[in-house]
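Q: Quick one: the structure is below, questions incoming.
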Amino acid sequence: MKNDIILLGHGSGGKLSHQLLDELIIPTLSQVARSEQNDAAVLEGIESKRIAFTTDSYVVDPIIFPGGNIGDLAINGTVNDLAMSGARPLAISVGLILEEGLLLEELREILEAMKLAADKAQVKIVTGDTKVVPRGKGDKIFINTSGIGVFDHDLKPVGSAAQPGDKVLINGSIGDHGMAVLASREGLELQSEIETDSAPLNAIVARLLEEHGAAIHVLRDPTRGGVATTLKEIALQSQVDICLAEEALPVNDAVAGACAILGLDPMFVANEGKLLVIVAADVADAALVTMQACEFGEQATMIGEVTEVSAGRVMMRTAIGGLRAIEMLAGEQLPRIC
């Protein structure tokens, strides 16, 4: 391409638009032949009694951060939302809102990350749209995605299915993504760099459901609001109490240190590659082994249990033996992190 930045003309629908699509966006994301570039993607051969459908928008600042960027974040986030319903992610749409002046080098990096993430999760980017807004009317790039998934089983892991006696598992350390974005945005100089945990979780989910079936009661990814808010939502949906063990919560030293400096609680910091599993007690140990055998699950651990039917309380047993009530995040602790 002749230009090195996005121009308003790239959103005109004319020659520059076609150049952007034909020379950068389509070859990078999907390689759809010109003869197949129509107003909608046609998906064939779908055989499923149920189809999962999700949509999300990504406005993270900065758009490139340690360990990832807004592109792979968008794909992984969409894949994970589908996976949490128990569905097998199948296809994704991508809508790009580009600001005039965005460097084509940055756009290329983002698109390449999206394609790598889609390939990793074994999903296809099948359709999309591109718009350009004037300089100062956006913030480099916003991405909207929608995704569909199919069910290869009749299982229904939902937020209202937690039962007393169930165990709470997580596949690794908490707060990595939110602190990686914040540290990059604010230029914090830390002894060790914090990287996003953004990752596709559909393979872990598929293994859990295949090996443990209906014993997997709830699957959720604790993104905005963190682990605390997500577990509170589950407790309210299921009308149960959940008790966590503070000493069992996995937090990387760098994240813990940064949170201490900034006065933040890792329990409320966003994650983009973490999975909460609420599972029947009699298979909890086996489910943990399953997770630890999967990529992105090597550090899986048990962090708590569902204790009793109630109005939906979440409590944490502290290191000194006290009980601390956990509520939902109030306000916006870290804006623009996804």
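Q: Mind counting the residues in the stretch 57-83 that are surrounded by fewer than 24 Cβ atoms within 10 Å (Cβ to Cβ) and in a loop (DSSP other than H, G, I, E, B)?
A: Selection size over the stretch 57-83: 6.
Q: When you look at T223, is it more than 19 Å from V79 (Cα to Cα) and either buried (at least 16 other Cβ atoms within 10 Å of the Cβ) or within 23 Å of the chain's Cα centre (by Cα) (or both), yes or no?
A: On the way: more than 19 Å from V79 (Cα to Cα): no; either buried (at least 16 other Cβ atoms within 10 Å of the Cβ) or within 23 Å of the chain's Cα centre (by Cα) (or both): yes.
Criteria not met by T223.
Q: Let me ask you something else. What pairs can you find where one residue is in the stretch 144-166 and under 28 Å from V60 (Cα atoms), the other is among the charged types (D, E, K, R) and surrounded by 14 or more Cβ atoms within 10 Å (Cβ to Cβ), and their Cβ atoms are less than 6 Å apart, with a gap of 6+ or different chains?
A: From the stretch 144-166, the pairs are T145/D56; G149/R88.
Q: OK, next. Could you check the stretch 207-245 and list, in sequence order, the residues that are modelled with pLDDT of 95 or more and among the charged types (D, E, K, R)?
A: Of everything in the stretch 207-245, those that are modelled with pLDDT of 95 or more and among the charged types (D, E, K, R) turn out to be R207, E210, E211, R220, D221, K232, E233, D241.
Q: Among the listed residues L7, L90, L102, identify the single one that is surrounded by fewer than 22 Cβ atoms within 10 Å (Cβ to Cβ) and under 14 Å from K131 (Cα atoms).
A: Result: L7 is the single residue among L7, L90, L102 that is surrounded by fewer than 22 Cβ atoms within 10 Å (Cβ to Cβ) and under 14 Å from K131 (Cα atoms).
Q: If you don't mind, there's one more thing I want to ask. Only residues that are closer than 23 Å to E112 by Cα and either in contact with a Phe, Trp or Tyr (Cβ under 6 Å, 6 or more places away or on another chain) or exposed (fewer than 15 other Cβ atoms within 10 Å of the Cβ) (or both): list them for the stretch 39-56, please. Don't jump to the end; show me each part of the working.
A: If we filter the stretch 39-56 for residues that are closer than 23 Å to E112 by Cα, which is where we start, we get 40-41, 54-56.
Selection gives A40, T55.
Q: Would you mention how many residues in the stretch 84-96 are of a type in the set (G, A, S) and either assigned to a strand (DSSP E or B) or without any contact (Cβ under 8 Å) to a residue 60 or more places away in the chain (or both)?
A: The total comes to 3.
Q: Which is surrounded by fewer than 17 Cβ atoms within 10 Å (Cβ to Cβ) and assigned to a loop (DSSP other than H, G, I, E, B), of E272, E298, E308?
A: On the way: E272 fails: surrounded by fewer than 17 Cβ atoms within 10 Å (Cβ to Cβ); E308 fails: assigned to a loop (DSSP other than H, G, I, E, B).
Result of the check over E272, E298, E308: E298.
Q: Of all residues in the stretch 33-56, which are within 19 Å of T78 (Cβ to Cβ) and part of a loop (DSSP other than H, G, I, E, B)?
A: A40, A41, L43, I46, S48, R50
Q: Could I ask something else about it? Is it the case that I320 is at negative phi, assigned by TED's automatic domain parsing to the domain that holds K232 and under 24 Å from the mean Cα position of the chain (by Cα)?
A: No, not satisfied.
Q: Step by step: first the residues of the stretch 1-28, then only those that are touching a residue at least 40 places away in the same chain (Cβ under 8 Å), assigned to a helix (DSSP H, G or I) and among the aliphatic types (A, V, I, L, M), then the one that is nearest to G101 (Cα to Cα). Which residue is that?
A: Among residues in the stretch 1-28 that are touching a residue at least 40 places away in the same chain (Cβ under 8 Å), assigned to a helix (DSSP H, G or I) and among the aliphatic types (A, V, I, L, M), the one nearest to G101 (Cα to Cα) is L8.
The values are calculated or read from the model by the stated rules, or taken from the named source; none is laboratory data. On a predicted model such as this, the values are computed, not experimentally measured, just so you know. FYI the Cβ positions are ideal-geometry reconstructions off the backbone, even for glycines, and counts take in every protein chain you see.
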